[in-house]
There are 2 protein chains.
Amino acid sequence: MKLNILGCYAATPRTLTNPTSQVLEIKNHLFLIDCGEGTQVQLRKYKIKFSRINHIFISHLHGDHFFGLPGLLSTFRLLGRDKEMHIYGPKGIKEAITLLLKLGDSWTNYPIRFHELTAKEPEIIYEDEKVTVETIPLDHRIYTNGFLFSEKLGERKLNIEAVAKYKIDKCYFQNIKNGKDITLDNGTIVPNIKLTFDPPKAKCYAYCSDTGYYPEIIGQIKMIDALYHESTFLETEAHLSAKTKHATAKEAATIAKKAEVGILILGHYSTRYKSIALFKEEAQEIFQKVVLADDGMQIDI
Amino acid sequence: MKLNILGCYAATPRTLTNPTSQVLEIKNHLFLIDCGEGTQVQLRKYKIKFSRINHIFISHLHGDHFFGLPGLLSTFRLLGRDKEMHIYGPKGIKEAITLLLKLGDSWTNYPIRFHELTAKEPEIIYEDEKVTVETIPLDHRIYTNGFLFSEKLGERKLNIEAVAKYKIDKCYFQNIKNGKDITLDNGTIVPNIKLTFDPPKAKCYAYCSDTGYYPEIIGQIKMIDALYHESTFLETEAHLSAKTKHATAKEAATIAKKAEVGILILGHYSTRYKSIALFKEEAQEIFQKVVLADDGMQIDI
């Protein structure tokens, strides 16, 4: 799993900082998460293939998380896309996009399938053989979801030496990888555990932005590999943070600690601070494994 | 009059090229003309004061001319603006902006006054003591207006030596500048022409984008100082140009020649061409005084 940070600053696009957008590479998918103004330029800058994006997840309908979407969808049309595009986001997103395309008489030549979200409890919104995506209801000024991206446990790994030793025919390999025991010609049953290794660990990544300090999410993100949690402010601005339903670096770290996550990735920084290093300092008083997101960064999970 | 080109490329924002937006400095106003995605970043880059923009003119509702507007209006709010903002654009622009602000529960703390345009004939949409702005109906795939920005002829200039010679009291100066003759104490009438010089020439700038070749505009832009005319294509792509209701460099130059304008400014280039110099070459076969717009350029008119 690889996370590409296209933008991780709060509020407005600036000359050197971009509003929120990420691309998660997971099991051969490129999932676009949020789409602030300028996201399509960032996609070009970091040479991410437009044609490989088929699923876009929008956390909430504040401009810094979705004002790049109408332009991106228009560009897909200019690039000659014909594949279906799935957009997951709060109710209202379909009306907004449809109106903008209608006003420009710029209907796309590819189908857009909107999956509008209204639930206040977590729900699975995407699932295939290898991946699930689940909403993480957050606590922000307007209806907002984070997203939990989970790999499914893959097939067991064949122990080549073992199957050779027992002279097992190839036609049984798929059954073995699926966890089946094998009965040899002499009637001996070889348990699956002797023929396979455990599959690679399935990984989980949670994206939580924007949100105030909201311990209700801890159960859902317990022990995951990586948590992106917004930290718009430092504790010195805790009053602003509470008022605007954003989180401080300390609050993000507290969530990470209680959820016992692998790493905490901080982002959605207010541009009022001179250095984002301050966010790491504050968070590490609570939780050690902190990564500071920055525009253009790629993080291996 | 000064024209700041923020973006002058067609279709989509890219790493090094920006969609359409300009700022016209005219008689102490900063008029923003069109607002493609990323315009607010360009405004920051070229250090144009956000607070001095009170009038925004949108030619048409294709994304590359207005998808930067919702974000810009949101940023004005974050900057604490309280002054009224006037937005001139095709009918539908109010519904679009209002819906986007409503979905984000991000109402502005300053009033926005929408002036929605529907007329098919030129109309004056802004006027004060020093400036008028008139629509130039264009021929594009959707309802589109160019804009004609005209300075009004100012006061006549006082001839300091002449008023000293006739010993005319200061209290008459405003009357003289307004064109009045003066009667001296001895009954002699001094005609205004002896007391004043002509005022500085009033300048006119026309913005015409997007449009196909449309000679109907020539009467309205006759003899103006500067014409910005789109040239999305070269003649080698004339078939595409006709189909999409854009103009070639040659067509733009033909309009400029027939209208006998001072200078022709080309822009709205398709990014398919290796060098924008090709547009100048093609145009100059018809009309000599060609300026190639480019992002970040400032043009004195």
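Just so you know, all these numbers are worked out from the coordinates, no wet-lab data involved. What you see is a predicted model; the values in this text were computed from it and never measured. Note: ideal-geometry Cβ built from the backbone for every residue, glycine included; neighbour counts use all protein chains shown.
Sorted from shortest to longest, the distances between the A:Leu99 label points of this copy and the other copies are 0.5 nm, with each point 7 Å from Cα along the line through the beta carbon. Here chain A carries DSSP beta bridges of which approximately 55% are antiparallel, counting only pairs with both residues inside.
Residues with beta-carbon under 13 Å from that of B:Arg113, excluding B:Arg113: net charge, scoring Lys, Arg +1 and Asp, Glu -1?
Working: positive: B:Lys83, B:Lys94; negative: B:Glu84, B:Glu116.
Charge balance in the 13 Å sphere: 0.
Here B:Lys170 is the anchor, and the aspartates and glutamates within straight C-alpha reach of less than 15 Å, apart from those fewer than 8 places off in the same chain, are B:Glu161, B:Asp181, B:Asp185. Distance from the alpha carbon centroid of segment A:101-151 to that of segment A:1-78 works out to 14 angstrom. With K and R counted +1 and D and E -1, the other residues having a Cβ less than 12 Å from that of A:Ser74 yield a net charge of -1.
Shown for B:Tyr273: label points 7 Å from Cα along the beta-carbon vector, and their distances to the equivalent points in the other copies, 4.8 nm in ascending order. Here the Gaussian network model covers chain B, with springs between Cα atoms less than 10 Å apart; of B:Tyr214, B:Tyr205, B:Tyr228, B:Tyr214 fluctuates the most.
Footprinting exposure proxy ranking of A:Phe173, A:Phe197, fewest other C-beta atoms within 10 angstrom first, gives A:Phe197, A:Phe173. Relative to the Cα centre, the charge distribution of chain B, modelled as +1 at Lys and Arg Cβ and -1 at Asp and Glu Cβ, gives a dipole magnitude of about 700 debye. Peptide B:229-242 shows a mean partner chain C-beta count of 0 within 10 Å per residue C-beta.
Neighbour counts of other C-beta atoms within 10 Å: give me A:His239, B:His60 arranged from fewest to most. The partial results should precede the final answer.
Values: A:His239 9, B:His60 26.
Going from sparsest to densest Cβ surroundings: A:His239, B:His60.
What the phi angles of segment B:121-135 give under the Karplus curve with 6.51, -1.76 and 1.60, with θ = phi - 60°, is a coupling list of 10, x, 9, 7, 10, 8, 7, 9, 4, 10, 9, 10, 10, 10, 6 Hz, glycine and proline written as x. Size of the protein assembly as shown: Rg and Dmax of its alpha carbons, in Å, are 31.0, 139.
Do any trypsin sites (Lys or Arg not before Pro) in segment B:73-106 lie in a loop, going by DSSP, with at most 12 other beta-carbon atoms within 10 Å of their beta carbon, and if so which?
Hits after loop and neighbour filter: B:Lys83.
Shown for B:Gly179: label points 7 Å from Cα along the beta-carbon vector, and their distances to the equivalent points in the other copies, 9.3 nm in ascending order.
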